[in-house]
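As C-alpha coordinates, the structure follows; a few thoughts come after it.
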Amino acid sequence: MLSTLSRSQMLQRLASRYGMASSGGFARRFIAGETVEDAVAAARSLETRGRRITLDYLGESVATVEEATAAAREYGRLIGVLVAAGVERNLSLKLTQLGLDIDQATCIDNLRRILEPAQRHDVFVRIDMERSAYTAQTLEVFETLWRLDYRNIGIVLQSCLHRTDGDVHRMNELGARVRLVKGAYHEPADVAHQKKADVDAAYLRQMQRLLSHGNYPAFATHDERIHQEVRRAAAARNLRDDAYEFQLLYGIRRDLQETLLAGGNRVRVYVPFGHQWFPYFMRRLDERPANILFVLSALVGEWRSPHGP
Ligand code: FDA
(Lines give C-alpha, C1' and ligand atoms only; values in the text may rest on other atoms or scores of the structure.)
Protein backbone atom coordinates (compact mmCIF):
# COMPACT_ATOMS: atom_id res chain seq x y z
CA MET A 1 0.00 0.00 0.00
CA LEU A 2 2.81 2.39 0.87
CA SER A 3 4.36 1.97 -2.54
CA THR A 4 1.05 3.12 -4.08
CA LEU A 5 0.93 6.04 -1.65
CA SER A 6 4.49 6.97 -2.55
CA ARG A 7 3.23 7.82 -6.03
CA SER A 8 0.51 10.13 -4.65
CA GLN A 9 1.13 13.73 -5.73
CA MET A 10 -0.98 15.14 -2.89
CA LEU A 11 0.97 13.22 -0.28
CA GLN A 12 4.21 14.36 -1.86
CA ARG A 13 3.11 18.00 -1.62
CA LEU A 14 2.15 17.56 2.04
CA ALA A 15 5.41 15.81 2.78
CA SER A 16 7.52 18.44 1.07
CA ARG A 17 5.75 21.10 3.15
CA TYR A 18 6.28 19.46 6.55
CA GLY A 19 8.83 16.70 6.11
CA MET A 20 12.00 18.74 5.94
CA ALA A 21 11.01 21.74 8.09
CA SER A 22 14.28 23.17 9.39
CA SER A 23 13.63 21.91 12.91
CA GLY A 24 11.57 18.86 13.70
CA GLY A 25 10.60 17.92 10.12
CA PHE A 26 9.46 14.30 10.33
CA ALA A 27 11.71 13.12 7.48
CA ARG A 28 14.84 14.59 9.06
CA ARG A 29 15.38 11.50 11.12
CA PHE A 30 16.11 9.55 7.92
CA ILE A 31 17.39 12.23 5.52
CA ALA A 32 20.34 14.47 6.25
CA GLY A 33 18.80 17.50 4.53
CA GLU A 34 18.12 18.91 1.10
CA THR A 35 21.46 20.57 0.33
CA VAL A 36 25.03 19.41 -0.19
CA GLU A 37 25.97 21.52 2.83
CA ASP A 38 23.50 19.56 4.99
CA ALA A 39 25.03 16.31 3.77
CA VAL A 40 28.60 17.42 4.45
CA ALA A 41 27.62 18.59 7.95
CA ALA A 42 26.00 15.20 8.68
CA ALA A 43 29.04 13.38 7.26
CA ARG A 44 31.43 15.42 9.42
CA SER A 45 29.40 14.76 12.53
CA LEU A 46 29.35 11.01 11.84
CA GLU A 47 33.06 10.91 11.09
CA THR A 48 33.82 12.70 14.33
CA ARG A 49 32.06 9.82 16.06
CA GLY A 50 34.11 7.14 14.30
CA ARG A 51 31.73 6.22 11.47
CA ARG A 52 32.58 6.01 7.79
CA ILE A 53 30.08 7.46 5.36
CA THR A 54 28.63 7.13 1.89
CA LEU A 55 26.61 10.00 0.45
CA ASP A 56 23.55 9.47 -1.71
CA TYR A 57 22.24 12.43 -3.70
CA LEU A 58 18.65 11.24 -3.79
CA GLY A 59 16.86 10.74 -7.07
CA GLU A 60 15.48 7.89 -9.17
CA SER A 61 13.28 7.05 -12.14
CA VAL A 62 14.06 10.17 -14.15
CA ALA A 63 12.24 10.34 -17.47
CA THR A 64 14.24 12.81 -19.54
CA VAL A 65 17.82 13.04 -20.77
CA GLU A 66 18.03 16.55 -19.30
CA GLU A 67 17.17 15.35 -15.78
CA ALA A 68 19.60 12.44 -16.05
CA THR A 69 22.42 14.71 -17.24
CA ALA A 70 21.62 17.21 -14.49
CA ALA A 71 21.92 14.44 -11.89
CA ALA A 72 25.33 13.41 -13.28
CA ARG A 73 26.41 17.05 -13.18
CA GLU A 74 25.28 17.32 -9.57
CA TYR A 75 27.32 14.24 -8.65
CA GLY A 76 30.32 15.85 -10.36
CA ARG A 77 29.79 18.94 -8.23
CA LEU A 78 29.43 16.76 -5.14
CA ILE A 79 32.84 15.19 -5.80
CA GLY A 80 34.39 18.67 -5.80
CA VAL A 81 32.63 19.52 -2.55
CA LEU A 82 33.75 16.28 -0.86
CA VAL A 83 37.35 16.86 -1.86
CA ALA A 84 37.27 20.46 -0.65
CA ALA A 85 35.51 19.55 2.60
CA GLY A 86 37.89 16.72 3.39
CA VAL A 87 35.18 14.19 4.22
CA GLU A 88 35.41 10.60 3.07
CA ARG A 89 35.12 10.13 -0.69
CA ASN A 90 32.39 7.57 -1.05
CA LEU A 91 29.15 7.89 -3.05
CA SER A 92 26.07 5.77 -3.64
CA LEU A 93 23.79 6.29 -6.63
CA LYS A 94 20.93 4.75 -8.58
CA LEU A 95 21.07 4.03 -12.29
CA THR A 96 17.49 5.16 -12.95
CA GLN A 97 18.63 8.56 -11.71
CA LEU A 98 21.15 8.56 -14.55
CA GLY A 99 18.75 7.56 -17.30
CA LEU A 100 18.42 3.75 -17.21
CA ASP A 101 14.70 4.12 -18.05
CA ILE A 102 15.61 6.13 -21.15
CA ASP A 103 18.28 3.78 -22.48
CA GLN A 104 21.36 1.99 -21.27
CA ALA A 105 23.77 4.06 -23.38
CA THR A 106 22.56 7.34 -21.83
CA CYS A 107 22.94 5.83 -18.39
CA ILE A 108 26.47 4.56 -19.08
CA ASP A 109 27.51 7.95 -20.52
CA ASN A 110 26.25 9.70 -17.40
CA LEU A 111 27.87 7.21 -15.10
CA ARG A 112 31.20 7.67 -16.86
CA ARG A 113 30.83 11.44 -16.40
CA ILE A 114 30.84 10.70 -12.68
CA LEU A 115 33.42 7.91 -12.66
CA GLU A 116 36.08 9.90 -14.50
CA PRO A 117 36.44 12.65 -11.87
CA ALA A 118 35.75 10.07 -9.16
CA GLN A 119 38.73 8.04 -10.34
CA ARG A 120 40.95 11.12 -10.46
CA HIS A 121 40.02 12.04 -6.90
CA ASP A 122 39.97 8.51 -5.48
CA VAL A 123 36.22 8.50 -4.88
CA PHE A 124 34.51 5.13 -4.52
CA VAL A 125 31.11 4.86 -6.25
CA ARG A 126 28.58 2.23 -5.18
CA ILE A 127 25.74 1.42 -7.55
CA ASP A 128 22.59 0.83 -5.50
CA MET A 129 20.25 -1.95 -6.60
CA GLU A 130 16.67 -1.03 -7.47
CA ARG A 131 13.60 -3.21 -8.04
CA SER A 132 14.01 -6.55 -9.81
CA ALA A 133 12.97 -5.19 -13.21
CA TYR A 134 16.39 -3.44 -13.19
CA THR A 135 18.61 -6.14 -11.71
CA ALA A 136 19.89 -7.66 -14.96
CA GLN A 137 20.45 -4.26 -16.58
CA THR A 138 22.18 -2.86 -13.50
CA LEU A 139 24.58 -5.80 -13.46
CA GLU A 140 25.16 -5.44 -17.21
CA VAL A 141 26.05 -1.77 -16.79
CA PHE A 142 28.32 -2.66 -13.89
CA GLU A 143 30.15 -5.32 -15.91
CA THR A 144 30.46 -2.98 -18.90
CA LEU A 145 32.24 -0.46 -16.70
CA TRP A 146 34.33 -3.17 -15.11
CA ARG A 147 35.48 -4.26 -18.58
CA LEU A 148 36.39 -0.63 -19.24
CA ASP A 149 38.74 -0.98 -16.24
CA TYR A 150 36.91 1.18 -13.76
CA ARG A 151 37.83 -0.23 -10.36
CA ASN A 152 36.50 2.53 -8.14
CA ILE A 153 33.02 0.98 -8.34
CA GLY A 154 30.99 -1.48 -6.30
CA ILE A 155 27.61 -3.10 -6.60
CA VAL A 156 24.67 -4.08 -4.35
CA LEU A 157 23.07 -7.54 -4.31
CA GLN A 158 19.72 -8.34 -2.68
CA SER A 159 19.36 -11.63 -0.78
CA CYS A 160 15.61 -11.69 -1.35
CA LEU A 161 16.07 -12.51 -5.06
CA HIS A 162 16.28 -16.12 -6.20
CA ARG A 163 19.10 -15.26 -8.61
CA THR A 164 21.46 -13.79 -6.02
CA ASP A 165 23.54 -16.90 -5.19
CA GLY A 166 24.64 -16.88 -8.84
CA ASP A 167 25.31 -13.13 -8.80
CA VAL A 168 27.43 -13.44 -5.64
CA HIS A 169 29.47 -16.13 -7.40
CA ARG A 170 29.92 -13.94 -10.48
CA MET A 171 30.94 -10.85 -8.52
CA ASN A 172 33.40 -12.92 -6.48
CA GLU A 173 34.89 -14.20 -9.74
CA LEU A 174 35.37 -10.62 -10.93
CA GLY A 175 36.78 -9.51 -7.57
CA ALA A 176 34.08 -6.83 -7.35
CA ARG A 177 33.11 -5.21 -4.10
CA VAL A 178 29.59 -6.21 -3.03
CA ARG A 179 27.23 -4.60 -0.56
CA LEU A 180 24.82 -7.31 0.56
CA VAL A 181 21.28 -6.18 1.52
CA LYS A 182 18.02 -8.02 2.10
CA GLY A 183 16.15 -5.93 -0.50
CA ALA A 184 13.84 -2.96 -0.04
CA TYR A 185 11.23 -3.64 -2.73
CA HIS A 186 8.14 -5.84 -2.83
CA GLU A 187 8.87 -8.50 -5.42
CA PRO A 188 6.72 -11.32 -6.84
CA ALA A 189 7.21 -14.97 -5.85
CA ASP A 190 8.71 -15.98 -9.18
CA VAL A 191 11.70 -13.70 -8.59
CA ALA A 192 11.99 -13.40 -4.82
CA HIS A 193 11.60 -15.26 -1.53
CA GLN A 194 8.37 -14.29 0.16
CA LYS A 195 9.19 -15.41 3.71
CA LYS A 196 11.51 -13.38 5.92
CA ALA A 197 13.11 -16.62 7.17
CA ASP A 198 14.07 -17.56 3.61
CA VAL A 199 15.55 -14.12 2.92
CA ASP A 200 17.55 -14.29 6.16
CA ALA A 201 18.81 -17.80 5.34
CA ALA A 202 19.90 -16.62 1.88
CA TYR A 203 21.63 -13.61 3.43
CA LEU A 204 23.61 -15.83 5.81
CA ARG A 205 24.60 -18.21 3.02
CA GLN A 206 25.72 -15.37 0.74
CA MET A 207 27.52 -13.64 3.59
CA GLN A 208 29.62 -16.79 4.08
CA ARG A 209 30.55 -16.87 0.39
CA LEU A 210 31.46 -13.20 0.36
CA LEU A 211 33.65 -13.62 3.41
CA SER A 212 35.39 -16.64 1.87
CA HIS A 213 35.81 -15.45 -1.71
CA GLY A 214 34.75 -11.78 -1.93
CA ASN A 215 36.58 -8.49 -2.06
CA TYR A 216 36.02 -6.38 1.06
CA PRO A 217 32.29 -7.17 1.37
CA ALA A 218 29.87 -4.80 3.06
CA PHE A 219 27.05 -6.23 5.16
CA ALA A 220 24.27 -3.66 5.06
CA THR A 221 21.59 -4.58 7.56
CA HIS A 222 20.21 -3.57 10.94
CA ASP A 223 19.63 -7.19 11.87
CA GLU A 224 21.53 -7.84 15.10
CA ARG A 225 21.45 -11.58 14.68
CA ILE A 226 23.11 -11.28 11.28
CA HIS A 227 25.74 -8.93 12.73
CA GLN A 228 26.63 -11.63 15.25
CA GLU A 229 26.76 -14.31 12.56
CA VAL A 230 29.04 -12.16 10.39
CA ARG A 231 31.41 -11.59 13.29
CA ARG A 232 31.41 -15.30 14.11
CA ALA A 233 32.00 -16.30 10.46
CA ALA A 234 34.84 -13.77 10.12
CA ALA A 235 36.49 -15.00 13.33
CA ALA A 236 36.22 -18.61 12.15
CA ARG A 237 38.24 -17.58 9.06
CA ASN A 238 40.73 -15.56 11.11
CA LEU A 239 39.71 -12.46 9.17
CA ARG A 240 40.70 -9.13 10.59
CA ASP A 241 38.03 -6.54 11.36
CA ASP A 242 39.22 -4.47 8.40
CA ALA A 243 38.54 -7.27 5.89
CA TYR A 244 34.86 -6.30 5.71
CA GLU A 245 32.48 -3.64 6.97
CA PHE A 246 28.98 -3.15 8.27
CA GLN A 247 26.72 -0.53 6.75
CA LEU A 248 23.60 1.04 8.25
CA LEU A 249 21.15 3.68 7.12
CA TYR A 250 21.21 7.22 8.48
CA GLY A 251 18.90 7.58 11.48
CA ILE A 252 18.17 3.86 11.90
CA ARG A 253 19.31 1.78 14.88
CA ARG A 254 22.05 4.18 15.97
CA ASP A 255 22.49 1.94 19.04
CA LEU A 256 23.78 -0.81 16.76
CA GLN A 257 26.35 1.52 15.23
CA GLU A 258 27.73 2.00 18.75
CA THR A 259 27.73 -1.72 19.54
CA LEU A 260 29.56 -2.59 16.32
CA LEU A 261 32.14 0.16 16.80
CA ALA A 262 32.71 -0.90 20.39
CA GLY A 263 33.33 -4.44 19.11
CA GLY A 264 36.11 -3.12 16.84
CA ASN A 265 34.13 -3.30 13.59
CA ARG A 266 34.08 -0.85 10.73
CA VAL A 267 30.74 0.94 10.38
CA ARG A 268 29.63 2.96 7.40
CA VAL A 269 26.48 5.09 7.48
CA TYR A 270 24.52 5.68 4.28
CA VAL A 271 23.69 9.40 4.26
CA PRO A 272 20.89 10.38 1.84
CA PHE A 273 20.21 14.01 0.98
CA GLY A 274 18.51 16.12 -1.66
CA HIS A 275 15.08 17.36 -2.64
CA GLN A 276 13.93 14.05 -4.11
CA TRP A 277 13.69 12.30 -0.75
CA PHE A 278 10.08 11.12 -0.84
CA PRO A 279 10.42 7.62 -2.43
CA TYR A 280 13.42 6.81 -0.21
CA PHE A 281 11.51 7.99 2.84
CA MET A 282 8.46 5.87 1.94
CA ARG A 283 10.65 2.76 1.66
CA ARG A 284 11.87 3.36 5.20
CA LEU A 285 8.27 3.59 6.43
CA ASP A 286 7.33 0.49 4.51
CA GLU A 287 10.11 -1.53 6.17
CA ARG A 288 8.86 -0.77 9.62
CA PRO A 289 5.26 0.16 10.34
CA ALA A 290 6.30 1.65 13.72
CA ASN A 291 7.91 4.45 11.69
CA ILE A 292 4.45 5.50 10.51
CA LEU A 293 3.44 6.16 14.12
CA PHE A 294 6.61 8.17 14.58
CA VAL A 295 5.70 10.32 11.55
CA LEU A 296 2.09 10.73 12.63
CA SER A 297 3.08 11.86 16.10
CA ALA A 298 5.55 14.34 14.60
CA LEU A 299 2.77 15.67 12.35
CA VAL A 300 0.36 16.05 15.26
CA GLY A 301 3.08 18.00 17.09
CA GLU A 302 3.50 20.19 14.01
CA TRP A 303 -0.23 20.94 13.77
CA ARG A 304 -0.47 21.72 17.48
CA SER A 305 2.45 24.11 17.35
CA PRO A 306 1.63 27.85 17.20
CA HIS A 307 3.06 27.92 13.67
CA GLY A 308 0.87 25.04 12.46
CA PRO A 309 -1.43 25.43 9.45
P1 FDA B 1 15.13 -6.37 8.80
O2 FDA B 1 14.07 -5.78 7.92
O3 FDA B 1 15.03 -7.80 9.16
O4 FDA B 1 15.20 -5.49 10.12
C5 FDA B 1 16.02 -5.83 11.23
C6 FDA B 1 15.83 -4.78 12.29
O7 FDA B 1 16.33 -3.53 11.82
C8 FDA B 1 14.35 -4.49 12.62
O9 FDA B 1 13.88 -5.36 13.58
C10 FDA B 1 14.44 -3.06 13.12
O11 FDA B 1 14.93 -3.03 14.44
C12 FDA B 1 15.51 -2.45 12.25
N13 FDA B 1 14.96 -1.76 11.05
C14 FDA B 1 14.96 -2.21 9.78
N15 FDA B 1 14.43 -1.29 8.94
C16 FDA B 1 14.09 -0.24 9.70
C17 FDA B 1 13.52 1.03 9.43
N18 FDA B 1 13.17 1.40 8.18
N19 FDA B 1 13.30 1.87 10.47
C20 FDA B 1 13.64 1.52 11.74
N21 FDA B 1 14.21 0.33 12.06
C22 FDA B 1 14.44 -0.54 11.06
N23 FDA B 1 17.98 -2.09 -0.46
C24 FDA B 1 17.93 -2.26 -1.79
O25 FDA B 1 17.00 -2.91 -2.30
N26 FDA B 1 18.89 -1.72 -2.59
C27 FDA B 1 19.95 -1.03 -2.09
O28 FDA B 1 20.81 -0.56 -2.85
C29 FDA B 1 20.02 -0.86 -0.68
N30 FDA B 1 21.05 -0.17 -0.10
C31 FDA B 1 21.15 -0.17 1.30
C32 FDA B 1 22.27 0.41 1.90
C33 FDA B 1 22.42 0.31 3.28
C34 FDA B 1 23.64 0.91 3.92
C35 FDA B 1 21.45 -0.35 4.08
C36 FDA B 1 21.60 -0.51 5.55
C37 FDA B 1 20.33 -0.87 3.47
C38 FDA B 1 20.15 -0.77 2.10
N39 FDA B 1 19.03 -1.29 1.49
C40 FDA B 1 19.00 -1.41 0.12
C41 FDA B 1 17.82 -1.60 2.30
C42 FDA B 1 17.74 -3.07 2.66
O43 FDA B 1 17.47 -3.84 1.52
C44 FDA B 1 16.60 -3.30 3.68
O45 FDA B 1 15.38 -2.92 3.10
C46 FDA B 1 16.77 -2.53 4.98
O47 FDA B 1 18.10 -2.53 5.39
C48 FDA B 1 15.90 -3.16 6.11
O49 FDA B 1 16.23 -4.48 6.31
P50 FDA B 1 17.30 -5.01 7.41
O51 FDA B 1 18.39 -5.69 6.68
O52 FDA B 1 17.73 -3.92 8.29
O53 FDA B 1 16.57 -6.19 8.18
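Before moving on, here are some points about what is shown:
- Amide proton proximity set for Arg179, modelled H, under 5 Å, gap of 5+: Ile155, Val156, Leu157, Ala218
- Lys, Arg +1 and Asp, Glu -1 on Cβ, resulting dipole of the chain about Cα centre, debye, nearest 20: 760
- Of the peptides 185-192, 284-291, 128-135, 84-91, the ranking by mean beta-carbon count within 10 Å, highest at the top, reads 128-135, 84-91, 284-291, 185-192.
- Per residue, segment 208-302 exposes 46 Å² of accessible surface when a 1.4 Å probe is rolled over the protein heavy atoms with every protein chain present.
- Within the accessible surface of segment 32-276, defined with a 1.4 Å probe on protein heavy atoms only, the carbon and sulfur portion equals 48 percent.
- For segment 32-276, averaging the sequence separation of C-alpha pairs within contact (under 8 Å, six or more residues apart) and dividing by the residue count gives a relative contact order of 23 percent.
- Label-reachable residues, segment 161-197, where backbone N falls under 12 Å from a point 7 Å from Thr144's Cα toward its Cβ: none
- Among 138-150, 154-166, the order from most to least packed when residues are scored by Cβ within 10 Å on average: 154-166, 138-150
- Segment 32-276: antiparallel DSSP beta bridges as a percent of all, rounded to 5: 5
- Extension gain from Arg29 to Glu287, taking 0.36 nm per residue of separation minus the Cα-Cα distance: 91.4 nm
- Projected label points at Leu11 and Ala41, each 7 Å from Cα along the beta carbon direction, are separated by 2.9 nanometres.
- Accessible area expressed per residue, segment 12-135, with surrounding protein chains retained (probe 1.4 Å, Å²): 41
- Taking chymotrypsin sites (Phe, Trp or Tyr not before Pro) across segment 50-131, none is in a DSSP loop with at most 15 further Cβ atoms lying within 10 angstrom of its Cβ.
- Packing-based ranking, highest mean first, of 205-212, 272-279 given that Cβ atoms within 10 Å are counted: 272-279, 205-212
- Note that segment 200-206 has calculated 3J(HN,Hα) couplings of 5, 5, 5, 4, 5, 4, 5 Hz, one per residue in order, obtained from phi through the Karplus relation 6.51 cos²θ - 1.76 cosθ + 1.60 (θ = phi - 60°); glycine and proline are x.
- Taking 0.36 nm per residue of separation and subtracting the current Cα-Cα distance, fully stretching the chain between Asp165 and Asn238 would add 23.9 nm.
- Counted charge near Arg126, where neighbours are those whose Cβ lies closer than 14 Å (Asp, Glu -1; Lys, Arg +1): +2
- Segment Arg254-Thr64, extension gain: residue separation times 0.36 nm, minus the distance between their alpha carbons: 64.7 nm
The values are calculated or read from the model by the stated rules, or taken from the named source; none is laboratory data. Since the structure is predicted, the reported quantities are computational estimates derived from the model, not experimental observations. With ideal geometry, Cβ positions are generated from the backbone for all residues, glycine too; neighbour counts draw on all protein chains shown. Quick note on the areas: whole protein, heavy atoms, side chains included, nothing else; ligands and nucleic acids left out. Shrake-Rupley method; radii C 1.70, N 1.55, O 1.52, S 1.80 Å.
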